[in-house]
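Note sheet for the following structure.
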Amino acid sequence: MKRVPLAILRGDEIVGEIVIKHIEAHKCATMGISLKNAAYKDQGIGTQAERLAIQYVFRDMDIPTLYADTVQTNTRSRHVLEKVGFFFIREDRDFRYYRIDRVQDIQRRSAAGTDEQA
Ligand SMILES: CC(C)(COP(=O)(O)OP(=O)(O)OC[C@H]1O[C@@H](n2cnc3c(N)ncnc32)[C@H](O)[C@@H]1OP(=O)(O)O)[C@@H](O)C(=O)NCCC(=O)NCCS
């Protein structure tokens, strides 16, 4: 299994896609996300979709580490990744690279009293 595409739905409408790629079973994977077009941005959809995808990867796919990256100039994407719990690991001229780990995510959510299921 190399990649898992996940549709982002608002009601019955597909408004974007998350792809779980570079999958190494029970070890790690990388998340990519895009909304269908700019009209869907800044409505909380990406934040909610990323939170759901992270929990899907951790729980259903049993993958304990998830990576993501974004171009340096994409400050919206950077903000959302950090908001949902990814932490910055490194950068190069064009990209910033992020990571989130299941163990730390459980601890963080527990400490914050926000052990939401989604
Ligand atoms: C990046 C993306 C997934 C985010 O999804 P979204 O639904 O637009 O994001 P949300 O509405 O959940 O949250 C947007 C947040 O960014 C903030 N924001 C908006 N514009 C911003 C900017 N230019 N710089 C920094 N933050 C910004 C908003 O205030 C909001 O933060 P808040 O909830 O703390 O107030 C989406 O915009 C997208 O698909 N973009 C195009 C593809 C892409 O960039 N993919 C990322 C990988 S390269």
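Bear in mind that the values in this text are calculations on the coordinates, not laboratory data. Keep in mind that what you see is a predicted model, and the values were worked out from it rather than measured. Positions of Cβ are generated from backbone atoms using ideal geometry, with glycine treated the same way; all protein chains shown enter the neighbour counts.
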Inset, instruction - Provide the net charge surrounding Lys36, with neighbours chosen by a C-beta distance below 11 Å and charges set as Lys +1, Arg +1, Asp -1, Glu -1. - result: 0
Legend entry - Alpha-carbon radius of gyration plus Dmax, which is the widest Cα pair, for the range 15-71 in Å: 11.9, 36
Inset, instruction - May I ask you to sort Asp12, Asp69, Asp92 by Cβ crowding, counting other Cβ atoms within 10 Å and putting the fewest first? - result: Asp12, Asp92, Asp69
Inset, instruction - Taking the Cβ of Arg3 as the centre, find all other residues whose Cβ is under 13 Å away and add up their charges (Lys, Arg: +1; Asp, Glu: -1). - result: 0
Inset, instruction - With the convex hull built on the Cα atoms of the chain, state its orientation-averaged projected area in nm². - result: 7.7
Inset, instruction - Quick one: net charge around Ala49, please, counting Lys, Arg +1 and Asp, Glu -1 for every other residue with C-beta under 13 Å from its C-beta. - result: +3
